[in-house]
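K.L.:
Take this structure, written in structure tokens, and hold onto it; I'll ask about it next.
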Amino acid sequence: MQLRSFFVAYLKSDRRIAVSGWLLLVLVAVLLLINGSSFWIYVAGLTVIYAISALGLDWIQGRAGQVSIGSAAFMAIGAFVGGVAYAKGVPSIPALLLAGVAGAIVGLVVGIPALRLRGLYLALATLALQFISVAVGSWYESASGQIAGVAVGMVTVGPWTLDAITPSFFIALMVLLLLVTFALSRIYRRAPGRAWLVIKESEISAGVIGINPTRWKLSAFIASSALIAVSGGLLGFYTMRVQSESFSLDFAITFVAMVIVGGLGSIGGIIAGATIITVIPYIFSTVTSKLPPGLPISQWLSTNIPYINSGLYGILLLAFLLYQPRGVAGVGIAVRQRLLKLFDGATAVKVIQAGPADNAAISPVSNQEPESRPVPVTTAGAAQEAEGGEAALLEVRDLHVYRSGACAVDGVDLTVHPGEVVAILGRNGAGKTSTLRGISGFLLTERSRVTGSVRFAGRDIRGLPPMATARLGLILVPEREKIFPNLSVAEHFRVITAEKSDVDEVFAIFPQLERRAASKAGLLSGGERQMLALAVAFCMHPKVLLVDELSLGLAPAAIARLTAALKEYQKRTGVAILLVEQNVSAAMELADRLYILEAGRVERAGRTSELSEATLMTSALGG
């Protein structure tokens, strides 16, 4: 019974699972060094180098959610820079550092234009880089008369010289792999890792909570490019020769296969994927070579080994994509869940999606992310409202919003005063959401143009992106993409580095969220998702809170709870609120003033007390 309890406790502990994985890796390395031949030690060294490169690709692809096919290109850049630097008299370690710097610089040049847009632009840019790097490498080989490739010497570390056919280089590579994985796991646990994770979930929502998607994607791409280039430099020193033809498109796709087979976002899974993809062809070649040479199948296999290996990659990729999209890491999680269900009767186990090797991918930290909290703004010079001369906190004049070339908002004027709740009503397509986004800002990827005047606390903010307006205290709760489905409720507050006192306050307002703190946001009901979005916005201390469709798709009971909670928060904090709403009753209960939009224009405006619900239903919604 004691053994069973220990086993259950072991399965429930992410840390124990992770430590066991690393101990297994070290044990395999030790056994290989004791009993393995020079050939298999050499293959193991290649596997480690490829694993480091695959971890670099996973950095941009599995963590920041961007598609890249640039592993072979950056490895070629690192290999040639490291090899040429060594040939010019630069010691091996500084040459490897130069390879990393070269990779970072090329990553910056490629990433600046490609990462400003969403979609496959980065994949296309890295694909172009692949052909360019091979062409430049071939030109250099021809121009320098090194048709057989650039010769590279051995790595020297102090008094030691590392030779690929001896265990010394393999041991050094294993140490480097452990250092890389330790550094990456630390980075992923902290603010950068959380920023990349939310960008992967939703760039729009990331911008709303003050995270700059372009900047963070670019930082991930530059860092991953540097790491991959260093692995290319290591490959050059390991094989002692750099040839452009080695870094082909097929080679690049091999690393994509490693990441997919291993499992996006899992350090342990990526290492396992790199091992599987690298070692299988060598195992197959070894088995084939031991077949009797007189057999027809032996001759056929020997002749077609390259094609068979490509076919094996394809079968592996299809198998994982169809049956286990989360790769080897997903298989480990599934086995763990089944064992827990068998021994403990549990139906599930709380496992970080990235996999057991990343057991603390998101954890509470005290470091504050500079972009995640609003900074004070001055009210000096704030716009004056025409009637009564009262200073307006938010003033919008002649706002036009063009989305994909069409005019969505056509000359809207509105004001919001300190402590005031203002609602915008209108039927679908009237321009309500576009008005809110025109005020709070669009991302560059949204193909929108805003004209007119948008002044917040006396400052012109027209055209600023949502992360900039959020820092000023203009916080948007969007209609869609308002939460991050694969983050737990508690992790949402860690992303914005919310103070514990703020989290306790919103849990007091929304007790359901406290009970669901460990649940993934994607598993919440519609009402709970809206509660979470509001709670995150409250913790960011807004000066003006923009809420897009508070009641959309919710049951009357949920609408009543949300309306009461928003009213309570507004009375307690005095925050100004600009609310877009289709539910006339909810809008009238919350708002001091109303604007009715039709075809992108303000058709009617006035105080709530001056307008009847029946009139509003008719004019705003066509009822």
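K.L.:
For the chain, take the longest principal axis of its alpha carbons; what is the angle in degrees between that and the long axis of helix 213-239, to the nearest 10 within 0 to 90?
P.N.:
The two axes meet at around 0 degrees.
K.L.:
As a quick test, which of the pairs Lys520/Lys543; Lys217/Lys520; Lys217/Lys432; Lys341/Lys520; Lys217/Lys567 have an alpha carbon distance above 26 angstrom in this structure? Don't skip to the answer; put the middle values down first.
P.N.:
On the way: Lys520/Lys543 29 Å; Lys217/Lys520 24 Å; Lys217/Lys432 30 Å; Lys341/Lys520 20 Å; Lys217/Lys567 37 Å.
From the list (Lys520/Lys543; Lys217/Lys520; Lys217/Lys432; Lys341/Lys520; Lys217/Lys567), the Cα-Cα distance tops 26 Å for Lys520/Lys543; Lys217/Lys432; Lys217/Lys567.
K.L.:
Here is a further query. For region 189-304, what is the Kirkwood hydrodynamic radius in Å, using each pair of distinct C-alpha atoms? Don't skip to the end; give the middle numbers.
P.N.:
Working: mean 1/r = 0.0564 Å⁻¹.
Its Kirkwood hydrodynamic radius stands at 17.7 Å.
K.L.:
I need the GluC sites (Glu not before Pro) found in region 474-506, filtered to DSSP loop residues with at most 14 other beta carbons within 10 Å of theirs. Before the final figure, lay out the partial values.
P.N.:
On the way: sites: Glu479, Glu481, Glu491, Glu499, Glu505; in loops: Glu479, Glu481, Glu499.
Passing both the DSSP loop test and the Cβ count: Glu499.
K.L.:
While we're here: Could you quote the convex hull projected area for region 143-196, Cα atoms only and averaged over all directions, in nm²? All intermediate terms of the calculation are to be shown ahead of the outcome.
P.N.:
Numbers: hull surface 28.3 nm².
The number I arrive at for region 143-196 is 7.1 nm².
K.L.:
Residue separation times 0.36 nm, minus the C-alpha to C-alpha distance between Ala135 and Ala518: what's the value? Mind showing how you got there, number by number?
P.N.:
Details: separation 383, 0.36 × 383 = 137.88 nm, distance 5.13 nm.
Length difference between fully extended and current span is 132.7 nm.
K.L.:
Treating each Cα of the chain as an identical point scatterer and ignoring solvent, apply the Debye formula and state log10 I(q)/I(0) at q = 0.06 Å⁻¹.
P.N.:
-0.42
K.L.:
So if each residue of separation counts as 0.36 nm, and I subtract the Cα-Cα distance between Val109 and Asp460, what length gain in nm does that give?
P.N.:
Once the chain is fully extended between Val109 and Asp460, it gains 123.2 nm.
K.L.:
Largest first, please: the extent of the C-alpha atoms of region 2-332 along each principal axis, to the nearest Å.
P.N.:
Principal extents (Cα only, largest first): 63, 62, 46 Å.
K.L.:
Measure nothing fancy, just the Cα-based angle from helix 500-509's long axis to the longest principal axis of the chain, in degrees from 0 to 90, nearest 10.
P.N.:
Tilt relative to the chain: about 50 degrees.
K.L.:
Then there's this: Rounded to the nearest 500, what is the 222 nm mean residue ellipticity of the chain from helices alone, with -39500 (n - 2.57) per DSSP H run of 4+ residues and division by all residues? If you can, show how the numbers build up before the last one.
P.N.:
Details: 23 runs with 353 residues, N = 623.
The per-residue figure over the chain is -18500 deg cm²/dmol.
K.L.:
In percent, how large is the relative contact order of the chain, given Cα pairs closer than 8 Å and 6 or more residues apart? Walk me through the numbers before you get to the answer.
P.N.:
Numbers: 1123 pairs, mean separation 95.3, N = 623.
It rounds to 15 percent for the chain.
K.L.:
Could you tell me how many degrees, from 0 to 90 and to the nearest 10, lie between the Cα long axis of helix 267-289 and the main elongation axis, the longest principal axis, of the Cα atoms of the chain?
P.N.:
30 degrees
K.L.:
Can you give me the distance in nm between label points at Val67 and Ile93, each placed 7 Å from the Cα along the Cα-to-Cβ direction?
P.N.:
With each label point 7 Å from Cα toward Cβ, the separation is 4.2 nm.
K.L.:
Calculate, in nm to one decimal, what Ile171 and Tyr282 gain on full extension: separation in residues at 0.36 nm each, minus their alpha carbon distance. All intermediate terms of the calculation are to be shown ahead of the outcome.
P.N.:
Details: separation 111, 0.36 × 111 = 39.96 nm, distance 2.07 nm.
Extra length available between Ile171 and Tyr282 comes to 37.9 nm.
K.L.:
What translational D, rounded to a whole number of µm²/s, comes out for region 3-79 from Stokes-Einstein when the hydrodynamic radius is the Kirkwood one over Cα pairs, at 25 °C and 0.890 mPa s? Write out the running numbers ahead of the final one.
P.N.:
Details: Rh = 15.5 Å.
Diffusion coefficient, whole number: 158 µm²/s.
K.L.:
State to the nearest 20 debye the size of the charge dipole of the chain about its Cα centre, where the only charges are +1 on K and R beta carbons and -1 on D and E beta carbons. Please report the intermediate quantities before stating the final value.
P.N.:
Details: 51 positive and 41 negative charges, 259 e Å.
Here the size comes out at about 1240 debye.
K.L.:
Taking the mean number of other Cβ atoms within 10 Å as a proxy for protection, how do you rank 319-327, 33-41, 289-297 from highest to lowest? Please report the intermediate quantities before stating the final value.
P.N.:
Details: 319-327: 15.0, 33-41: 12.6, 289-297: 9.1.
The packing order, highest mean first, is 319-327, 33-41, 289-297.
Where a number appears in this text, it was derived from the coordinates with a stated rule and is not lab data. Bear in mind the structure is a predicted one, so any value in this text is a computation, not a measurement. Virtual Cβ from ideal backbone geometry, glycine too; neighbours counted across all protein chains shown.
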